[in-house]
Ligand SMILES: [Ca+2]
């Protein structure tokens, strides 16, 4: 079965219109909200709901299915029913060409009948909120929802009712309970670079192979950290950039590092399945880094994979940036100084203002 489904083109448009309806419903539901009793490490919730309707929701932010919920409208149930939801593993392999975009969620009890449809909210993975499903290189506009048809033993697609892109939730309307999952189609993957063709065979990478292209020179990518009218941003792109396009990196609260989704940025990293298979290295770009109290004196001396040192008397001479994979998808660049203190002057369309510029690259281990 081809993962791609023609219905999605239609649901994508409907989603935009129905988001407004969804907001109204969410507000209505808030009035009768009943917090789910959380157990099982925050991955399960259960509530008794009657004819007046209600909500069961995973409210523990530490849960991998945080935000998952079911909204039962008034009149959907004739009598009180225990309604629950919980996270679970894949009940069966996904159709060829499909990837998970979140975790499987079981809604109980099986076989329950509703007089009118309920809304199921399914979280998807976009921890850096760049609109790209983490590690999948697929934009959130292209996600869809599957449910597991236990009678036929196969996955089927549910029409998308809407999407809450602020809280990263896909929403479907349903009259029945089962296992539900946000999924994406590998054919929709669009990495920052597109040099690596999808041959359909299992890729393999030799030691020292560059994360980009196939030529002998391993080119750098860049992270540009700027203060904008909307706040501080860190953007990953092939080149240094003053525009707000590229892969968004999340700046840490202490202003000393930023994390981005390398699997969504680089086709070879995506194909390898693990950003940690790559040796990452980086350095400050001397001619484009303008900070309040520091200047880059010599590029070569700053490149290091070792932990940096700060506070030496000769300014930036003791500061190193380092690049490392923190999990299968995400790569963290640490630069040791607080950009919130060091990038005061907002950038202009001409590119003047404070800027932290770092170039980095990776080779396969
Ligand atoms: Ca993301």
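The values are calculated or read from the model by the stated rules, or taken from the named source; none is laboratory data. Worth saying up front: this structure is predicted, and the values here are computed from it rather than measured. All Cβ positions, even for glycine, are placed from backbone atoms using ideal geometry, and neighbour counts span all protein chains on display.
In region 233-251, is there at least one residue being in the same structural domain as residue 323 (by TED's automatic domain parsing), more than 16 Å from the ligand (Cβ to nearest atom), more than 16 Å from residue 131 (Cα to Cα) and in a strand (DSSP E or B)? Within region 233-251, none of the residues are in the same structural domain as residue 323 (by TED's automatic domain parsing), more than 16 Å from the ligand (Cβ to nearest atom), more than 16 Å from residue 131 (Cα to Cα) and in a strand (DSSP E or B). Looking at residue 203, is it away from the ligand (no atom under 16 Å from the Cβ), surrounded by 14 or more Cβ atoms within 10 Å (Cβ to Cβ), over 18 Å from residue 90 (Cα atoms) and not assigned by TED's automatic domain parsing to the domain that holds residue 83? Answer is yes for this residue.
Considering region 97-165, the qualifying strands (runs of 3 or more DSSP E), each wholly inside and each with 3 or more residues that are more than 14 Å from the ligand (Cβ to nearest atom), without any contact (Cβ under 8 Å) to a residue 40 or more places away in the chain and over 20 Å from residue 192 (Cα atoms), run over 144-149. Residues in region 194-201 include none that are within 22 Å of residue 334 (Cβ to Cβ) and within 23 Å of the chain's Cα centre (by Cα).
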